[in-house]
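Note sheet for the following structure.
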Amino acid sequence: KESIYTPEILCSDRIDRMAKVLNHSYCGSGTIEENWLQCDYFSRMSSRASADFTNAMLHCAGITADEARNHGNFQGELLENLAKTEHKRWCAFHYCMGFRAMTQGEFDFRADSYRRELAETGTGKIRISKDLKQRIHACLIPWEELDSLSERENAITGKNIDYKEMDRNNVRAIPELLHAMEAQGAEP
């Protein structure tokens with residue numbers, strides 16, 4: 001007999017700790033705890049899914065957690081392949097959560113809403129590429145199309161969004177994640 005209800009499965013404390021580190025690397029500022037507290041439920045689930053995939057990413061890279069922690073400077077072809085893997089993982093998570101790809105018409109409508117809000121308030125807070133309520137996302141496209149999407153959104157917002165770089169940064173965060181887990185006395 002083996003219990004399937006372990007404390008880790010019921011509580012997932014280890015995955016939450018990993019998810020907080022990943023979310024923090026995505027946010028880029030503030031503290032880990034502040035960023036986690038400001039995170040909506042869906043974003044927390046997304047961070048947890050990414051954290052839970054860390055061992056698979058290491059396996060894809062053909063390296064151990066120790067090797068990634070000590071020499072995990074992912075670059076070149078390995079970085080690109082892992083970033084493509086991360087994008088596919090991200091897409092799979094969103095599809096499993098009931099999302100679908102945003103149509104060009106929906107993107108244009110959201111872009112127009114962004115422009116109106118910017119003109120009326122001086123601030124455009126609408127995320128053009130993401131609509132949580134409708135469960136649609138413009139990034140649910142092949143990796144090769146992400147640059148074009150980034151350029152379209154940047155032309156509207158004046159920002160410097162790079163969706164491929166977001167996937168690369170998730171990969172680059174793995175050594176930091178592993179160091180944080182080691183400091184807490186836990187392995188991924």
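Quick look at the values:
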{"read-out": "Largest to smallest principal axis extent of the C-alpha atoms in the stretch 58-129, angstrom", "value": "52, 28, 20"}
{"read-out": "More than 21 Å apart - percent of Cα-Cα pairs taken over the stretch 41-173", "value": "47 percent"}
{"read-out": "Nearest-20 debye value, the stretch 98-188 charge dipole, Cβ charges on Lys, Arg, Asp, Glu", "value": "380 debye"}
{"read-out": "The chain - percent of accessible surface contributed by carbon and sulfur, probe 1.4 Å", "value": "52 percent"}
{"read-out": "Label-point separation, residue 134 to residue 80 (7 Å along Cα→Cβ), nm", "value": "3.4 nm"}
{"read-out": "Gain in span if fully extended, residue 165 to residue 151, counting 0.36 nm per residue against the direct Cα distance", "value": "3.8 nm"}
{"read-out": "Residues of the stretch 116-188: accessible area per residue with a 1.4 Å probe, Å²", "value": "55 Å²"}
{"read-out": "Cα-based Lys pair tally, the chain, threshold under 26 Å, eight or more apart or on separate chains", "value": "21"}
{"read-out": "Residue of 137, 87, 71 that the Gaussian network model of the chain assigns the largest fluctuation, springs spanning Cα pairs under 10 Å", "value": "71"}
{"read-out": "Potential lengthening between residue 45 and residue 117 on full extension [0.36 nm per residue; Cα-Cα distance subtracted]", "value": "23.0 nm"}
{"read-out": "Residue 157 accessible area, assembled protein chains, probe 1.4 Å, Å²", "value": "30 Å²"}
{"read-out": "Most to least accessible of 88, 159 (protein chains only, probe 1.4 Å)", "value": "88, 159"}
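The values are calculated or read from the model by the stated rules, or taken from the named source; none is laboratory data. Nothing here was measured: the structure is a model prediction, and the numbers come from that model. Heads up, the Cβs are rebuilt from the backbone with ideal geometry, glycines too, and the neighbour counts pull from every protein chain shown. Protein only, heavy atoms only, side chains kept; ligands, DNA and RNA dropped before computing areas. Shrake-Rupley method; radii C 1.70, N 1.55, O 1.52, S 1.80 Å.
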